[in-house]
Amino acid sequence: MSVQILDVQPHHLPQIEKLEQQCFSLPWTWDQLMSQLPDDCHEFLAAEQEGKVLGYVGMMTVLDEGYISNVAVDPAFRRQGIADLLITELLERSRIRELSFVTLEVREHNKPAIALYRKHGFAPVGLRKNYYELPVENALLMTKYLK
């Protein structure tokens, strides 16, 4: 079975909403997810296998800047390269859009995610104190420059 990376469509949202609830202490609402559907200012990609959403990534753009909002993978499918595929496709689309950089926040102690982002060329550029809630934790700000 192969995994496809696709633009998120409205029919993906029920599965993505469920993943939000599984993966995050403060999951996005249905309306927030709907607002991220792909357009000129958003990339919203799903990793799909036989109709099942295994993971997703979202990014908002402002001019030539990309801001990754969420990266999530179904816990049952982690450590199988799903997030790697999503980030690879997102960065390729960022190059096509001629973005200058892509940036994100990650929990300071989320070592697996930090390692994934480093693998893709993201580097720490700052710290946001007490950025996350439930539990309260600092966010490491990481950026990949494309130009």
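For the chain, give the magnitude of the charge dipole about the Cα centre (Cβ charges: +1 Lys/Arg, -1 Asp/Glu; no others), in debye to the nearest 20.
The calculation lands at about 680 debye.
For segment 84-147, with equal point scatterers placed on the C-alpha atoms only and solvent neglected, what are the log10 I(q)/I(0) values from the Debye formula at q = 0.26 1/Å, to two decimals?
Once normalised to I(0) and log-transformed, intensities are -1.08.
Roughly to the nearest percent, how much of the accessible area of the chain is carbon and sulfur, given a 1.4 Å probe?
53 percent
Which order do peptides 114-121, 81-88, 46-53 fall in by mean Cβ count within 10 Å, highest first?
Ranking, from highest mean packing down: 81-88, 46-53, 114-121.
Most mobile of 101, 77, 44 per a Gaussian network model of the chain (Cα springs, under 10 Å)?
77
Please compute the length gained on full extension between residue 21 and residue 79, using 0.36 nm multiplied by the number of residues separating them and subtracting their Cα-Cα distance.
Taking 0.36 nm per residue and subtracting the Cα distance, the gain is 18.9 nm.
With every protein chain left in place, what is the accessible area per residue of the chain in square angstrom, probe 1.4 Å?
Result: 55 Å² per residue.
With viscosity set to 1.306 mPa s at 10 °C, what whole-number translational diffusion coefficient in µm²/s follows for the chain from Stokes-Einstein and a Kirkwood radius over Cα pairs?
It diffuses with D of about 102 µm²/s by this estimate.
Counting DSSP beta bridges with both partners in the chain, what percentage is antiparallel, nearest 5?
90 percent
In whole Hz, what ³J(HN,Hα) sequence does segment 134-147 give by Karplus (6.51, -1.76, 1.60; θ = phi - 60°), x for Gly and Pro?
So the Karplus estimates, Gly and Pro as x, are 6, x, 5, 7, 6, 10, 8, 8, 10, 9, 10, 8, 9, 10 Hz.
Projected onto the charge dipole of the chain (+1 at Lys/Arg Cβ, -1 at Asp/Glu Cβ, origin at the Cα centre), which of 114, 91, 57 gives the Cα projection farthest towards the positive end?
Value computed over the given set: 114.
Ignoring everything except DSSP H segments at least 4 long, calculate the 222 nm mean residue ellipticity for the chain; use -39,500 (n - 2.57) per segment, divide by total residues, nearest 500.
For the chain, the value works out to -8000 deg cm²/dmol.
The values are calculated or read from the model by the stated rules, or taken from the named source; none is laboratory data. These numbers were taken from a predicted model, which means no experiment stands behind them. So basically every Cβ, Gly included, is an ideal-geometry build from the backbone, and we count neighbours across all protein chains shown. The accessibility values were calculated without ligands, DNA or RNA, using every heavy atom of the protein model including side chains. Shrake-Rupley method; radii C 1.70, N 1.55, O 1.52, S 1.80 Å.
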